[in-house]
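In what follows, a single structure is set out as structure tokens and then discussed.
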Amino acid sequence: MIVTGTRRILAALSFGAILALAATQTPPIRFREIAAAAGLHFVLENSPTDRKHMIETMPGGIAVFDYDGDGRPDIYFTNGAAIPSLEKSEPKFRNRLFHNEGGMKFRDVTGEAGVPGAGYSMGAAAAELVRDAGAEVVVMDFAMPSMNGAVAARFSPRTTPDDAEVIAVIESTLAKK
């Protein structure tokens with residue numbers, strides 16, 4: 001009986017401590033808009049129409065990876081295209097690659113890297129398929145039937161001749177789908 005009573009007292013004290021902690025005011029989580037100050041200037045362009053095509057409802061994607069091997073995560077945004085052509089006919093439709101300069105500052109290096117995209121881009125994924133060779137990025141583009149449905153792009157300047165064979169296999173595999 002004494003053990004059972006002690007357990008009840010300990011349980012009551014524990015429950016009281018939990019209630020006291022729950023009653024303690026914790027500061028609310030606050031988000032701040034810092035994209036512009038950080039240099040991340042991107043607007044998703046999905047070319048909305050009255051017909052509400054499926055691609056209009058699912059555009060955009062982000063891949064975060066270190067494209068130049070400097071140890072800082074860079075950001076790649078995919079973007080839509082004009083409808084019905086599915087072409088990136090204007091600069092506003094370009095995918096964007098932002099290089100992390102450090103200190104929460106980013107610089108648009110899309111032109112330098114040559115990765116504005118093609119077609120209506122709907123997603124991106126990054127992975128290092130070849131050890132120590134940098135990230136390979138696959139961008140999913142919805143395009144005209146004559147174009148491939150996916151594009152494999154190598155963002156790393158550390159590509160070696162051996163890596164080119166691996167990338168060719170990836171591109172060949174994607175082209176068959």
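Summary table
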| quantity | calculated |
| --- | --- |
| Residue ID - modelled with the lowest pLDDT, chosen from residues in the range 59-92 that are under 11 Å from Leu44 (Cβ atoms) and within 17 Å of the chain's Cα centre (by Cα) | Pro59 |
| Conditions (1) polar (S, T, N, Q); (2) more than 22 Å from the chain's Cα centre (by Cα); (3) modelled with pLDDT of 90 or more; number of the one not met by Thr6 | (3) |
| Filtered residues of the range 64-85 (kept if in a strand (DSSP E or B) and either in contact with a Pro (Cβ under 9 Å, 6 or more places away or on another chain) or surrounded by fewer than 18 Cβ atoms within 10 Å (Cβ to Cβ) (or both)) | Val64, Phe65, Thr78 |
| Qualifying residues in the range 86-111 (those that are in contact (Cβ under 8 Å) with a residue 40 or more places away in the chain and basic (Lys, Arg)) - the one least open to solvent (accessible area, probe 1.4 Å) | Arg96 |
| Test result for Ala133, touching a Lys or Arg at 6+ places or on another chain (Cβ under 8 Å), modelled with pLDDT of 60 or more, assigned to a loop (DSSP other than H, G, I, E, B) and closer than 30 Å to Glu33 by Cα | no |
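The values are calculated or read from the model by the stated rules, or taken from the named source; none is laboratory data. Values in this document were obtained by computation on a predicted structure and should not be read as measured data. Don't worry about glycine lacking a Cβ; one is built from the backbone with ideal geometry, like all the others, and counts go over all protein chains shown. To get the accessible areas, we keep the full protein, side chains included, count just its heavy atoms, and leave off ligands, DNA and RNA. Shrake-Rupley method; radii C 1.70, N 1.55, O 1.52, S 1.80 Å.
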